Amino acid sequence: MSASDEPRTAVPAGVGVLGALGVVLLTLPLIGLASRTPWADIPRLLREPSVLQAVRLSLVASLSALALSTVLGVPLAWLLARTDFPGRRLVRALAVLPMVLPPVVGGVALLLAFGRRGLFGQVLFELTGWSLPFTTAGVVLAETFVAMPFLLVTVESGLRSMDRRYEEAAATLGASRWTILRTVTLPLTAPSLTGGMALCWARALGEFGATISFAGNLPGRTQTMPLAVYLELESNPPAAYLLSFLLLAISVAVLIALRDRYLGQ
């Protein structure tokens, strides 16, 4: 039976009214943003140095965070999904904690760990003279911290749900572990990996709290698009509206791309 053939359920009047109010509450701010975006001034605003710097830095930092999250998150997801080691539940809980941790708290935690006087940051500074806070590398680290759990959860779920009989069949035919990983596991989990990477990148692109707490808000160095929105809202509202709409458009594009596979139709 197709979705169009399913019997319709009568909706109580109260539920319908409250549901409609929920839709209004969620969509009215977005409509307001779209209505105030200076469409005619977009070419001029996109040429402003502050806007260009914020867009360029956001793309560089978010893509770098995505690459780092993929390199570290996929192996961790494989370990959590396929191995049983002491403390696995604790490791999983700690790995996904940034998803529910207030971003500002995450930034403070990063500062205490990687700051010049932090647990690791002090050692790093004494050995190399390199400090992570208030640098572009600090932005990448902050975005990775808050975004990698989204990739981790999605990829782990994909690994757990895949039919492992294909891997067992390949092993029976004499395929090596690397061959099985490359020709069987990765293709079967590609949708989960792609979805996790999209969610991870979107979260990194929109990160604000941890970034401003750990890396600051330095134009051209640590000022990403969300931070530029915060700053431009006081001095140049049209630029703030434009950057906000760009972030909104990217988020909508990610949701549309993932709709059928992860969010229902």
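Values in this text are rule-based calculations from the coordinates and carry no lab data. Worth saying up front: this structure is predicted, and the values here are computed from it rather than measured. Cβ atoms come from the backbone with ideal geometry, glycine included; neighbour counts cover every protein chain shown.
D for the chain, whole µm²/s, Stokes-Einstein with Kirkwood Rh over alpha-carbon pairs at 25 °C and 0.890 mPa s: what number? In µm²/s, the coefficient is 116. Note that the stretch 19-31 has calculated 3J(HN,Hα) couplings of x, 5, 5, x, 4, 4, 4, 7, 9, 4, x, 5, 5 Hz, one per residue in order, obtained from phi through the Karplus relation 6.51 cos²θ - 1.76 cosθ + 1.60 (θ = phi - 60°); glycine and proline are x. Relative contact order for the stretch 128-265: 31 percent, from Cα pairs under 8 Å spaced at least 6 residues apart, divided by residue count. Largest GNM mean-square fluctuation across L68, L247, L79, computed for the chain with C-alpha springs under 10 Å, falls on L79. Within the listed set L199, L242, L186, the residue fluctuating most in the Gaussian network model of the chain (springs between alpha-carbon atoms under 10 angstrom) is L186. Of the Cα atoms belonging to the stretch 98-160, the radius of gyration and Dmax stand at 13.9, 43 Å.
Please list, short to long, the whole-number percent of alpha-carbon pairs of the stretch 152-265 in consecutive 5 angstrom bins beginning at zero. Using 5 Å bins, I get a P(r) of 2, 11, 15, 15, 12, 11, 10, 9, 7, 5, 3, 1, 1, 0 for the stretch 152-265. Given points 7 Å out from each Cα along the Cα-Cβ axis, report the R160 to L127 separation in nanometres with one decimal. So the two model labels end up 3.6 nm from each other.
If you run the Gaussian network model on the chain, springs between alpha carbon atoms under 10 Å, then out of L45, L119, L25 the most flexible one is L25.
Compared with the alpha-carbon gap, the fully stretched path from S235 to A257 is longer by 4.4 nm at 0.36 nm per residue.
Percent of C-alpha pairs per 5 Å bin in the stretch 65-220, short distances first: 2, 9, 16, 17, 16, 14, 10, 7, 5, 3, 1, 0. A Förster radius of 41 Å, combined with the Cβ-Cβ distance separating V11 from L94, puts the computed FRET efficiency at roughly 0.45.
The rule of thumb for compact globular proteins, 2.2 N^0.38 Å, goes into the C-alpha radius of gyration of the stretch 32-125 1.59 times.
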